[in-house]
Every structure is written in structure tokens, then in C-alpha cells.
Amino acid sequence: MDTKYFDKSNIRLKAESVDEKELFGLYYDYDSAFEHGLWGAIRESSLLKCNNPAHKYHCIPDVEDVNRLKTVLPDCIMVMNKTIVFLNELYGIPEQLLNGVTNFEIKSITE
């Protein structure tokens, strides 16, 4: 699979070019596993361990939606804020729009 962009660079190099190597390391592989439906992500989000030790703790489908993964909303907001700061440094965002983003509160969405 070709993951290069128009300038023939990969995502890791793009992250490094904007001084976000640590962010890439923390998020990319984990998120990519969910995005591509890899088994680790499926086990974490959609399967439960059987409670019967005689069954050797095999996995069973989580048909009653017992698994509740932690929300990713704060992470999404943090990454979006980093993106906006970067775009502001490059292009300049009108102050009124920038203030609307920097003063954003999570509570307004989750309530």
C-alpha cells in the first residue's frame, strides 16, 4: 500500500516536519488499528472474555454492549487545536474565529 502524499513523504515524516513526532508516536499506531479493523482493536472494543475458566477464557461477542471505551473527544479537540495553531502560524486566522476556537469548552458538546 502506498501511503505517500503528493510530495512522496510518509505520515511520520509529515509529523516530524511540524515538530509532532511525539504526538504521532502516541496516537497513530493505536488509532490506525481501529481504523483498519485489526484484531487487537476488535478484541478491545467488541469482544469479552468468557467468565467460565473451563472455557480457557475465550472471547465472545459483546452483544449487549458491555464494553465502554473511554471517549476520544478531548484527544480530538487537542489535536484540532494543534492544527489550528499551526494553520494560524502559516496563514493567520482572523482573531474573532481564533477566539471562538481557543475558548471552546467540551461541556457544550457533552451535555
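Around the amide H of residue 47, modelled in the peptide plane, lie the amide H atoms of 62, all under 5 Å away and 5 or more residues distant in sequence or on another chain. Here the simple spin-label model places points 7 Å from the Cα toward Cβ, and for residue 81 and residue 56 these points are separated by 4.8 nm.
Using only the alpha carbons of the chain, what is the convex hull's orientation-averaged projected area in square nanometres? Intermediate values should be presented prior to the final figure.
Working: hull surface 43.7 nm².
With the hull built on Cα positions only, its mean projection is 10.9 nm².
For segment 1-75, the Cβ-based charge dipole about the Cα centre amounts to some 320 debye (Lys, Arg positive; Asp, Glu negative; other atoms uncharged). Contact order for the chain, expressed relative to its length and based on alpha carbon pairs under 8 Å spaced 6+ residues apart, stands at 11 percent. Each label point was placed 7 Å from the Cα along the Cα-to-Cβ direction; for residue 103 and residue 22 their separation is 2.9 nm.
No lab work stands behind these numbers, since they all come straight from the coordinates. No experiment lies behind these values; they were computed from the predicted model shown. Reconstructed Cβ throughout: ideal geometry from the backbone, glycine too, with neighbour counts over all protein chains shown.
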